[in-house]
1. Please give me the summed charge of the neighbours of D27: other residues whose Cβ is under 14 Å from its Cβ, Lys and Arg +1, Asp and Glu -1.
2. Under 8 Å for C-alpha pairs, at least 6 residues apart: give me the relative contact order for the chain, rounded to a whole percent.
3. Excluding residues on the same chain fewer than 8 positions from K17, give the lysines whose Cα lies under 30 Å from its Cα.
4. Before rounding to the nearest 500, sum -39500 (n - 2.57) across all DSSP H runs of length at least 4 in the chain and divide by the residue total; then give [θ] at 222 nm in deg cm²/dmol.
5. Semi-axes of the equivalent ellipsoid for the chain, please: Cα gyration tensor eigenvalues, times 5, square-rooted, ordered largest first, whole Å.
6. K38's amide H: which non-local residues (gap 5+, or another chain) put their own amide H closer than 5 Å, with H modeled 1.01 Å from N in plane and none for Pro or chain starts?
7. Which peptide among 82-92, 146-156 comes first, and what is the full order, when sorted by highest mean count of other Cβ atoms within 10 Å?
8. Tell me, what is the percent relative contact order of the range 112-184, built from C-alpha pairs under 8 Å that lie six or more residues apart?
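A short reminder: the numbers here are calculations on the coordinates, not readings from a lab. Every value quoted in this text rests on a predicted model; they were computed, and no experiment measured them. Cβ: placed from backbone, ideal geometry, glycine included. Neighbour counts: every protein chain shown.
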Amino acid sequence: MSNEFPGWHGTTIIGVKKGGEVVIAGDGQVSLGQTVIKGTARKVRRLSPGGYDIIAGFAGSTADAFTLLERLEAKLEATPGQLQRASVELAKDWRTDKYLQKLEAMLIVTDGAELYVITGAGDVLEPEHDVTAIGSGGNYALAAARAMMDSERSAEEIARAAMAIASDICVYTNGNLTVEKITK
């Protein structure tokens, strides 16, 4: 048996882009090992660096994610209105900085036009089908959302329905949602 920290689970974050609307939704469950620590966490945040509207959702360690969000805000203030550039700069720092390399989190970010997943491996990924998801229930939410993308549902309706499906399947995901939307 390992003596390592039990690890973090306990979130599902989804980003859906459809019809001039981008939605990021996240559940509220935080688990430590087999125990639910909190059911009402807010893992989707609205940022406004330099007056630009950005939505970010995170999976992983909360303290690590907040550190990354602060760094992202600083990058966005240095490159106003350039989410892609700020995201790439954050990913480069995250991969090369000895302190940041230890951070265990992932981000989904949007400015209403662009939608990205940022990882500690140096990735800035733009989804192929205008939907992406991270966290322990991410694959369930992603599959559900992709199945609904050709429907008449809005981005928000797809995100909510996909999160409901993920929360029914993943024990580390609950139905207490935070949903943020940007319409362009």
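1. Surrounding charge for D27 is +2.
2. 32
3. Excluding near neighbours in sequence, the set is K38, K43, K75, K92, K181, K184.
4. Taken over the chain, the calculation gives -10000 deg cm²/dmol.
5. Result for the chain: semi-axes of 23, 23, 13 Å.
6. V30
7. Order by mean packing, descending: 82-92, 146-156.
8. Relative contact order comes out at 28 percent.
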